1. Could you name every one of the strands (runs of 3 or more DSSP E) located completely within segment 148-199 that has at least 2 residues being among the hydroxyl-bearing types (Ser, Thr, Tyr) and closer than 20 Å to LYS88 by Cα?
2. Could you please find all residues in segment 149-161 being surrounded by 15 or more Cβ atoms within 10 Å (Cβ to Cβ) and of a type in the set (Asp, Glu)?
3. crowded, with 24+ Cβ neighbours inside 10 Å, in contact (Cβ under 8 Å) with a residue 24 or more places away in the chain, of a type in the set (Val, Ile, Thr) and within 28 Å of SER73 (Cβ to Cβ): does that describe VAL164?
4. Give the residues of segment 66-115 that are touching a Phe, Trp or Tyr at 6+ places or on another chain (Cβ under 7 Å) and assigned to a strand (DSSP E or B), sorted by residue number.
5. Identify the single condition in (1) touching a Pro at 6+ places or on another chain (Cβ under 8 Å); (2) closer than 16 Å to PRO178 by Cα that GLU70 does not satisfy, given that it satisfies every other one.
6. Are there any pairs, at least 6 apart or on different chains, whose C-beta atoms fall under 9 Å, with the first in segment 73-87 and more than 18 Å from VAL52 (Cα to Cα) and at pLDDT 95 or above and the second aliphatic (A, V, I, L, M) and part of a loop (DSSP other than H, G, I, E, B), and if so, which?
7. Based on what the data block shows, is GLY118 surrounded by fewer than 17 Cβ atoms within 10 Å (Cβ to Cβ) and assigned to a loop (DSSP other than H, G, I, E, B)?
8. Scan segment 136-148 residue by residue and report those that are within 14 Å of ALA96 (Cβ to Cβ) and surrounded by 21 or more Cβ atoms within 10 Å (Cβ to Cβ).
Amino acid sequence: MGLALSACDGGEEGQAAQDSPTASAPSTASSESPAADDNSGDDGGTPAEGDVAAPGTELKIGDRAVLPFEYTSDKKGTIAVTVTAIEKGTEADMAAFGEKAKGMTPYFIRMKVENVGGTDLSYASLKLDGVLAGGAGTGVILMGDIPGKCDNETAPAEFKTKGVSYETCALSATKGAPVTGAEFDEGDAYSDSPVVWAG
């Protein structure tokens, strides 16, 4: 699957084009829609390693948040996400996204994802969105990754047991102010009040 990039009107990135060009570089697109916590955990749906983070929770880089997660109708449960770093790349890293990525600086959101509920979430993938200082979104939507620098890994086959974890990276980009945080904003509960990690 090719890389894709689009930009929304308004905000810091409103000047970028809105079409979604594709490039031939390899990538892993992700789609996830966390929803309310299910009841399939070992203790009736209450996470054993911390309460589910409330919508609007603000965290620091390095903090762990327990979150409801639904990848597909048969892959849903409870995970814990720790944003371990947000690293700045270079404009040259965006070359595979083509002309519409000119002037954009990528940011690599590195995270650890843990299976808290013990449900089968093997091969699921998670993507956090980058945010600017003050909480505004970047206005840029990226699908794909930058192989070797920011690989959006899917959960391993064994990600069906409580306590199993893996590391992955979500790609963000901006033409202006730097990306200083990351947010989990999927599902009805979090779409208006995301959980945010900031430096």
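The values are calculated or read from the model by the stated rules, or taken from the named source; none is laboratory data. None of these values were measured; they are calculated from a predicted model. Counting neighbours? That spans all protein chains shown, and the Cβs are built from the backbone with ideal geometry, glycine included.
1. 165-174
2. Correct list: ASP151, GLU153.
3. no
4. LEU67, LYS76, GLY77, THR78, ILE79, VAL81, VAL83, ILE86, GLU87, LYS88, VAL113, ASN115, listed by residue number.
5. (2)
6. THR84/ILE61; ALA85/ILE61; ILE86/ILE61
7. So GLY118 does not fit the description; no.
8. Scanning segment 136-148 gives LEU142, MET143, GLY144, ASP145, ILE146.
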